[in-house]
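Engineer: Quick one: this structure, given as structure tokens, is what I'll be asking you about.
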Amino acid sequence: LRDLGCGTGRMTIELAKRGYDMTGIDYSAEMLDIARERAEKAKKDVLWLQQDMTEFELYGTVDAFLCLLDSVNHITEKEDLEKMFSLVNNYLNPDGLFIFDVNTLYKFENILGDNTFVFEKDDVFYTWENCYEDDFLDFYLNFFVKDSSGNYSRFSEQHCQKYHSHEFLIECAHKNGLSFEGCYADMTMHEPDADTERAFYVFKKTN
């Protein structure tokens, strides 16, 4: 299995514990450093690759790709999304699967929207401000981290996600050799309903 946008490797390592041959792919060197540390503690042999999930290169083909935690929503350009689907198809074995999740329109409009969230955990306090317009969600994060002396350091991040419709995802996949197998609401084997926040897609290589 190849885990695209693996981040700090939680799911990658969990699947390695269950016996899968795992490779984690992510653009962030910092996140991959954490993933390597976690894999070492878990005593699991995982290959970590620092690559963009729209431009990755592998040796040989695989049975399945994963792309979880709304990583697909972070791909905001159609041509980049099509490049990812094309690469996945190129490296999949016959009948291989591509499984990913996305945030739904309901979540963008009703949960994230133009809302602001505040979180505090351990020695970290942060705010999350959203701006949603024309299928694009810009979110601004401000972190305040307390050090051993009790002083706080502040740093900020800005990210963007895009809502991708069901029809658009199927179109992009079909265009790049992947057939639609199913769509499921988060943590179920049922189709998404009107208030589903995360939808999981399964595509299969058709050639």
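Nothing in this text is a laboratory measurement; each read-out follows from the coordinates by a stated rule. What you see is a predicted model; the values in this text were computed from it and never measured. With ideal geometry, Cβ positions are generated from the backbone for all residues, glycine too; neighbour counts draw on all protein chains shown.
Engineer: Is any residue of segment 90-107 close enough, with backbone N under 15 Å, to a label point placed 7 angstrom from the Cα of residue 207 along the Cα-Cβ axis, and if so, which?
Structural biologist: 90-96
Engineer: On to the next question. Lysine pairs, Cα distance under 14 Å, 8 or more residues apart or cross-chain: how many in segment 21-175?
Structural biologist: 5
Engineer: Residue 106 to residue 28: extension gain in nm, 0.36 nm per residue of separation minus the Cα-Cα distance?
Structural biologist: In short, 25.2 nm is gained.
Engineer: Still on this structure, I have one more. What is the distance in Å between the Cα centres of segment 7-55 and segment 141-204?
Structural biologist: About 19 Å separates the Cα centre of segment 7-55 from the one of segment 141-204.
Engineer: Which of these, 89, 151, 130, has the largest mean-square fluctuation under a Gaussian network model of the chain (Cα springs below 10 Å)?
Structural biologist: It is 151.
Engineer: In addition: How long are the semi-axes of the ellipsoid equivalent to the chain, from square roots of 5 times the Cα gyration tensor eigenvalues, in whole Å, largest first?
Structural biologist: Rounded to whole Å, the semi-axes are 29, 24, 15.
Engineer: Net charge near residue 153: determine it from the other residues with C-beta under 12 Å of the C-beta of residue 153, scoring Lys and Arg +1 and Asp and Glu -1. Could you put the intermediate results ahead of the total?
Structural biologist: Details: positive: 146, 154; negative: 123, 147.
Within the 12 Å Cβ shell, the charges total 0.
Engineer: Which of 179, 28, 153 moves most in a GNM of the chain, Cα contacts under 10 Å?
Structural biologist: 153
Engineer: GNM on the chain, C-alpha springs below 10 Å: top fluctuator among 194, 173, 185?
Structural biologist: Maximum among the listed residues: 194.
Engineer: Can you list residues whose amide H is under 5 Å from residue 181's amide H, if they're 5+ apart or on another chain and H is modeled 1.01 Å from N?
Structural biologist: For residue 181, the qualifying residues are 202, 203, 204.
Engineer: Related question: Rounded, prolate or oblate: which fits segment 1-123, taking a ≥ b ≥ c as square roots of the Cα gyration tensor eigenvalues, rounded meaning a/c under 1.5, else prolate when a/b beats b/c?
Structural biologist: Numbers: a/c = 1.96, a/b = 1.16, b/c = 1.69.
Oblate, because a/c is 1.5 or more while a/b does not exceed b/c.
Engineer: Between residue 120 and residue 134, what is 0.36 nm times their sequence separation minus the Cα-Cα distance? Round to one decimal in nm.
Structural biologist: Separation in residues times 0.36 nm, less the Cα-Cα distance, equals 2.0 nm.
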